[in-house]
Amino acid sequence: MKDEQAIEAEIQAKGKTAPRITPADIDATIAGEYFVQPIKWESVPVTEGMKCLTICILSLRNGFTVIGESACASPENFDEELGMKIARENARAKIWPLEGYRLKQQLYDEGRPF
């Protein structure tokens, strides 16, 4: 996220004012977040590899969902908080191309040049 903030600052410093998607726009699309850790499942047999898995489901304002995941190779390195952070960032990264497409379609519909 720090790289994202640095890029945003550079874009603003260069005075780029054409329509675009910003990190704040991405965050504004998120209506809810949910985490799944198979290690906590009681009704499913959990393999050793699944004990290092964290899944984040981001629910967007329009009802669409994106999913991100994180997994460590060594169970000794598993950290619930870190896994949730990484899984969320991976899910959030999937919103950028969706919002980029949405904006491009909007510009096209308005008759803006490619």
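For the stretch 1-30, what are the residues that are in contact with a strand residue (DSSP E or B) (Cβ under 7 Å, 6 or more places away or on another chain) and either of a type in the set (Phe, Trp, Tyr) or part of a helix (DSSP H, G or I) (or both)? Walk me through how you get there before you give the answer.
First, the residues of the stretch 1-30 that are in contact with a strand residue (DSSP E or B) (Cβ under 7 Å, 6 or more places away or on another chain): 29-30.
29 - this is the single residue of the stretch 1-30 that is in contact with a strand residue (DSSP E or B) (Cβ under 7 Å, 6 or more places away or on another chain) and either of a type in the set (Phe, Trp, Tyr) or part of a helix (DSSP H, G or I) (or both).
Checking the conditions here, which among 81, 42, 76, 33 is in contact with a strand residue (DSSP E or B) (Cβ under 9 Å, 6 or more places away or on another chain), of a type outside the set (S, T, N, Q), open to solvent by 50 Å² or more (accessible area, probe 1.4 Å) and on the phi < 0 side of the Ramachandran plot? Please lay out each step first, then the result.
Numbers: 81 fails: in contact with a strand residue (DSSP E or B) (Cβ under 9 Å, 6 or more places away or on another chain); 42 fails: in contact with a strand residue (DSSP E or B) (Cβ under 9 Å, 6 or more places away or on another chain); 76 fails: in contact with a strand residue (DSSP E or B) (Cβ under 9 Å, 6 or more places away or on another chain).
The unique qualifying residue is 33.
Can you pull out every residue in the stretch 1-20 that is more than 27 Å from residue 109 (Cβ to Cβ), charged (D, E, K, R) and surrounded by 10 or more Cβ atoms within 10 Å (Cβ to Cβ)?
If we filter the stretch 1-20 for residues that are more than 27 Å from residue 109 (Cβ to Cβ), which is where we start, we get 1-7, 9-10, 13-14.
Next, only the ones that are charged (D, E, K, R) stay: 2-4, 10, 14.
Of everything in the stretch 1-20, those that are more than 27 Å from residue 109 (Cβ to Cβ), charged (D, E, K, R) and surrounded by 10 or more Cβ atoms within 10 Å (Cβ to Cβ) turn out to be 4, 10.
Given the structure, is residue 66 of a type in the set (A, V, I, L, M), more than 25 Å from residue 4 (Cβ to Cβ) and either in a strand (DSSP E or B) or open to solvent by 50 Å² or more (accessible area, probe 1.4 Å) (or both)?
Numbers: of a type in the set (A, V, I, L, M): yes; more than 25 Å from residue 4 (Cβ to Cβ): no; either in a strand (DSSP E or B) or open to solvent by 50 Å² or more (accessible area, probe 1.4 Å) (or both): yes.
Answer is no for this residue.
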Residues located in the stretch 43-61, provided they are of a type in the set (Val, Ile, Thr) and under 21 Å from the mean Cα position of the chain (by Cα): 54, 55, 57
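Determine whether residue 57 is in contact with a Ser or Thr (Cβ under 9 Å, 6 or more places away or on another chain) and surrounded by 16 or more Cβ atoms within 10 Å (Cβ to Cβ). Let's see the steps before the verdict.
Working: in contact with a Ser or Thr (Cβ under 9 Å, 6 or more places away or on another chain): yes; surrounded by 16 or more Cβ atoms within 10 Å (Cβ to Cβ): yes.
For residue 57, the condition - in contact with a Ser or Thr (Cβ under 9 Å, 6 or more places away or on another chain) and surrounded by 16 or more Cβ atoms within 10 Å (Cβ to Cβ) - is met.
Would the stretch 40-55 turn up any residue that is among the hydroxyl-bearing types (Ser, Thr, Tyr), outside any loop (DSSP other than H, G, I, E, B), within 22 Å of residue 103 (Cα to Cα) and touching a residue at least 24 places away in the same chain (Cβ under 8 Å)? Before you say what the answer is, go through the steps one by one.
Initial filter on the stretch 40-55 (among the hydroxyl-bearing types (Ser, Thr, Tyr)): 43, 47, 54.
Add one more test, that the residue is outside any loop (DSSP other than H, G, I, E, B), and what stays is 54.
In the following step, the residues that additionally are within 22 Å of residue 103 (Cα to Cα) were identified as none.
Among the residues of the stretch 40-55, not one is among the hydroxyl-bearing types (Ser, Thr, Tyr), outside any loop (DSSP other than H, G, I, E, B), within 22 Å of residue 103 (Cα to Cα) and touching a residue at least 24 places away in the same chain (Cβ under 8 Å), which makes the answer no.
The values are calculated or read from the model by the stated rules, or taken from the named source; none is laboratory data. The model shown is predicted, which means the values in this text are computed figures rather than measured ones. Cβ coordinates were reconstructed from backbone atoms using ideal geometry, including for glycine residues, and neighbour counts include every protein chain displayed. What goes into the accessible areas is simple: the full protein's heavy atoms, side chains included, and nothing from ligands, DNA or RNA. Shrake-Rupley method; radii C 1.70, N 1.55, O 1.52, S 1.80 Å.
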